[in-house]
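Colleague: To start, I am sharing the structure in question, which I have written as structure tokens.
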Amino acid sequence: MSDQKKLTTASGIPYTQHEDTMSIGARGPLLLQDFILHEKLAHFNRERIPERVVHAKGTGAYGTFTVTNDITQYTRAKVFNTIGKQTKVFLRFSTVGGEKGSADTERDPRGFAVKFYTEDGNWDLVGNNTPIFFIKDPKKFPDFIHTQKRDPRTNTKSPTMMWDFWSLNPESLHQVMFLMSDRGTPHGYRHLNGYGSHTFSMINDNNEKMYVKFHFKTAQGIKNFTNDEAVKMKGEDPDFAQRDLVDAIDRGDFPKWNVKIQVMTIAQSKAHPFNPFDLSKVWSHKEFPLIDVGVLELNQIPANYFADVEQAAFAPAHVVDGISYSPDKMLQGRILAYNDAHRYRIGVNYEQLPVNRCPFMVNNYQRDGAMAVNGNGGSEPNYFPNSFDEVKPDMAYKETPMELDSNVADWYDRNAEGENDHYTQPGIFYREVLSGQDKKNLVSNIVGAMSGISGAKKSEIINRQLCHFFRADIGLGMAIAQGLGVTIDESIMQH
Ligand code: NDP
């Protein structure tokens, strides 16, 4: 009997009555002393941790990143230092605007967040399935996300709020066009590309620094739902993407992504015709060709969703030696915001949880706080410097100095050259990247979405947004205006 798995309380005390509460007589009121009832109900009441404000609905898997090409001329990051080297990863996919129970096939960007468990610490690349974003300054983020969530009065999603915000922020146009294309409704998580999206930097052994962008190209091929298919799937299986990933991995059909980088030298960044750190723009592949790096494979669904997926915490701040930041304003804002969100959502010791824990060396003087679950540093000193432990900063990891272009605190000038063109790349995207069918679907998806705009400002919002489409491409603007039944007068064309 002693070897048997016994039923116990959370404190390990064996007990027998799991379904019936002790009462006064078989039919009488319940006894307070049956604390197991309280333990069960009290724990149940606390099962939910705060939902992520964005990216609440998601799924994740463990896997492996394997280096296939030598990029040591760009970076000394150990994760890339040998061809064939393998590093364990955890990848979480998500939608952005929906709540935790929302449908997987909603029109939305998809989060693509990778944690690389490297010997120099955990490197988090927290990107999306699009290489760009709606805004380029983090101060706009709460306002933007409010428009993607629920209207304060009706508590429903509001196309009016969304298009009002987008039409007032022309920098959003590029991402709005990706979102409204069929890539806004991907066929699950295996058939989409991932992008680090931001500009990062790499530093090599000679302390030479260059700027990089990361691309993860799906080896399964791009596959999307049309709008109608996505809407239908919302009803048939709101957890389609979750199920598709779990089923594929469980049957041994491990999804893979080919990892690539684009590299821009510092000299090129200074000569670039537009701000290369602007998250609403891509770097042309023709000028900055993709360079092969490796393969990322997902091969294990975590045993427990809550433990590893819900508690997973990714932070763009977490870069490792040989990889660093850039002046990308959105990246700079996210460096602070993500860790702050985790401390609120999971607690100050979130990095001690198994999915977030670095499997290699961790030495610091952070102690105590809620849920210090890893021994809390034991009897080692809790201050630095001290005369007792052997922990020392390793100066080999000293950050390369960063050269600044200005010593003036200033604001963004939205009319400055290199900052004010929100239309060229969306125009190229429409004319040169989308097929004839893609274009038709884009127009129909935009018309469908804009048809939801209502209220006193309806015409104003529609006209303002139409101007942006016209400025990207006259044919696109005309097609959308026609679909919406808007008569085009000269004022829109010249706006
Ligand atoms: P390229 O022709 O070299 O690259 C175009 C890119 O578009 C390819 O990476 C392709 O990636 C991607 N693509 C193809 N179809 C779609 C689609 N329906 N929706 C979104 N992306 C698609 O051109 P450039 O680098 O000069 O860029 C031209 C335009 O392509 C940009 O203005 C931008 O809008 C778009 N784009 C550019 C990317 C970049 O990083 N340079 C990345 C993605 C899009 P694949 O087929 O492998 O998915």
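The values are calculated or read from the model by the stated rules, or taken from the named source; none is laboratory data. Note that this is a predicted model, so its numbers are computed, not measured. No Cβ is skipped: glycine too gets one built from the backbone with ideal geometry, and neighbour counts run over all protein chains shown. We work out accessible area using only protein heavy atoms, side chains counted, and drop any ligands, DNA or RNA first. Shrake-Rupley method; radii C 1.70, N 1.55, O 1.52, S 1.80 Å.
Colleague: Within the stretch 337-386, work out how many residues are open to solvent by 40 Å² or more (accessible area, probe 1.4 Å), among the basic types (Lys, Arg) and closer than 19 Å to Phe314 by Cβ.
Modeller: Adding up the residues that qualify gives 2.
Colleague: Taking into account only those residues within the stretch 176-216 that are within 10 Å of the ligand (Cβ to nearest atom) and of a type in the set (S, T, N, Q), which is surrounded by the most Cβ atoms within 10 Å (Cβ to Cβ)?
Modeller: By that ranking, first place goes to Ser197.
Colleague: Could you identify the single residue in Glu403, Glu399, Glu380 that is among the acidic types (Asp, Glu) and either within 27 Å of the chain's Cα centre (by Cα) or on the phi > 0 side of the Ramachandran plot (or both)?
Modeller: Glu399
Colleague: Let me ask something additional. Looking at Phe277, is it within 16 Å of the ligand (Cβ to nearest atom), of a type outside the set (Ser, Thr, Tyr), within 28 Å of Asp438 (Cα to Cα) and modelled with pLDDT of 95 or more?
Modeller: no
Colleague: Just one of (1) at pLDDT below 95; (2) assigned to a loop (DSSP other than H, G, I, E, B); (3) among the aliphatic types (A, V, I, L, M); (4) surrounded by fewer than 13 Cβ atoms within 10 Å (Cβ to Cβ) trips up Ala456, so point out which.
Modeller: In the conditions (1) at pLDDT below 95; (2) assigned to a loop (DSSP other than H, G, I, E, B); (3) among the aliphatic types (A, V, I, L, M); (4) surrounded by fewer than 13 Cβ atoms within 10 Å (Cβ to Cβ), Ala456 misses (1) alone.
Colleague: With Tyr412, Tyr430, Tyr383 as the choices, which residue is farther than 30 Å from Val309 by Cβ, aromatic (Phe, Trp, Tyr) and within 16 Å of the ligand (Cβ to nearest atom)?
Modeller: Tyr430
Colleague: To continue, here is another question. Could you please find all residues in the stretch 433-453 being touching a helix residue (DSSP H, G or I) at 6+ places or on another chain (Cβ under 8 Å), in a loop (DSSP other than H, G, I, E, B) and within 12 Å of the ligand (Cβ to nearest atom)?
Modeller: Scanning the stretch 433-453 gives a single hit, Leu434.
Colleague: State all residues of the stretch 284-329 that are over 16 Å from His215 (Cα atoms) and within 16 Å of the ligand (Cβ to nearest atom); if no residue qualifies, say none.
Modeller: Ser326, Asp328
Colleague: Among what's in the stretch 43-87 and is within 19 Å of the chain's Cα centre (by Cα) and of a type in the set (D, E, K, R), pick the residue that is surrounded by the most Cβ atoms within 10 Å (Cβ to Cβ).
Modeller: Per the stated criteria, the residue is Lys57.
Colleague: Looking at the stretch 329-349, which of its residues are out of contact with any strand residue (DSSP E or B) (no Cβ under 8 Å at 6 or more places or on another chain) and either touching a residue at least 60 places away in the same chain (Cβ under 8 Å) or closer than 25 Å to Gln86 by Cα (or both)?
Modeller: Result: Lys329, Met330, Gln332, Gly333, Ala337, Ala341, Tyr344, Arg345, Ile346.
Colleague: Say we look at the stretch 128-170 and pick out the residues that are out of contact with any Ser or Thr (no Cβ under 6 Å at 6 or more places or on another chain), of a type in the set (Val, Ile, Thr) and not in a loop (DSSP other than H, G, I, E, B); which of these is surrounded by the most Cβ atoms within 10 Å (Cβ to Cβ)?
Modeller: Top of the filtered list is Thr147.
Colleague: Scanning for something outside any helix (DSSP H, G or I) and of a type in the set (Gly, Ala, Ser), does the stretch 463-480 turn up at least one residue?
Modeller: No, the conditions are met nowhere in the stretch 463-480.
Colleague: So which of Gln366, Gln332, Gln352 is polar (S, T, N, Q) and outside the structural domain of Arg76 (by TED's automatic domain parsing)?
Modeller: Every option except Gln366 fails the conditions.
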